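The values are calculated or read from the model by the stated rules, or taken from the named source; none is laboratory data. No experiment lies behind these values; they were computed from the predicted model shown. With ideal geometry, Cβ positions are generated from the backbone for all residues, glycine too; neighbour counts draw on all protein chains shown. Side chains included, ligands, DNA and RNA excluded: accessible areas come from the protein's heavy atoms. Shrake-Rupley method; radii C 1.70, N 1.55, O 1.52, S 1.80 Å.
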Amino acid sequence: MSTCVCFACPEQETVSVIETCGKFSHVAQPGCNFICCCCGSVVSGTLSLRVQQLDVRCETKTKVCGLIMDNVFVTMVISVQYQVRRDAVFDAYYKLTNSTTQISSYVFDEVRAAVPKLNLDDAYEMKDDIAKSIKDALAKSMEGYGYMIIHVLVNDIEPAHKVKEAMNEINAARRLRVAAAEKAEAEKLSVVKAAEAEAEAKYLQGQGIARQRQAIIGGLRDSVADFQNGITDISSKEVLQLMLVTQYFDTLRDVGANKHASTVFLNHAPGGVSDIAAQIRNSFLEAQAGAVGRAGPSK
């Protein structure tokens, strides 16, 4: 609507369109501008030269294929930042009745042409490409109307609630599958390491037992030799038998002195002691023969 005044005072970054007798006259810049009211000059309207933003909500559908996450409706929020060119105020004011409606129409057209070619995951990953295509289309179409497109942003892609729940379930199942595989691998490693440790422990234990038996045999041999040097009329067999029986009684004493000892049942008759001595002697002899066999023939 035209306003009949003698002065026009547009604000900073705002211009006024001056008409004379209904015809465009000139553009009044910010500040105080004199208007000849007597000649029919009036302020027809104003335009802001500031950067403006328009948020457009557009509903569209993703690509049709056999996947569960495709062929679904999504709502996209597109933010368009635009500005009137200073050298094209005439075109911006007279060529468009409603700039926001025009921009929204181009956004709808471009989004509904691009997104149906993509599945839902690609739509999330290619937000920048979608924004660039919208900006290129808007810049080309709005240039003739005196508008400059500065930025286009795809702020949000919002699928239906059930689709979002299905996406979360798929991601949760995928992560659980990876976690189960990692857990199984860790358990496998633990079992393998435990088996290796057990094998190494048994190997070292066997070496220790073998060395212990060799040391006992060597000690008994030295003791028999020392005993025979002192008493000449006794055989080595009798000396060994006496020492084994002595060691047997020492073992019984240690078992009885231990406060954590359990009950041990033994045949403690004289004949039983003799049998035990024979068994111990045979065990030592077998151990000594086995040690000699492992060492190989002496050179």
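Here are some notes:
- Among the candidates Val163, Val152, the residue that is closer than 20 Å to Val115 by Cβ and part of a helix (DSSP H, G or I) is uniquely Val163.
- Restricting segment 152-207 to residues that are among the β-branched types (Val, Ile, Thr) and in contact (Cβ under 8 Å) with a residue 40 or more places away in the chain, the residue that is nearest to Tyr82 (Cα to Cα): Val152
- Residues (surrounded by fewer than 17 Cβ atoms within 10 Å (Cβ to Cβ) and either more than 19 Å from Phe73 (Cβ to Cβ) or touching a strand residue (DSSP E or B) at 6+ places or on another chain (Cβ under 9 Å) (or both)) located in segment 114-124: Pro116, Tyr124
- Selected residue [under 40 Å from the mean Cα position of the chain (by Cα) and open to solvent by less than 50 Å² (accessible area, probe 1.4 Å)] from Ser190, Ser104: Ser104
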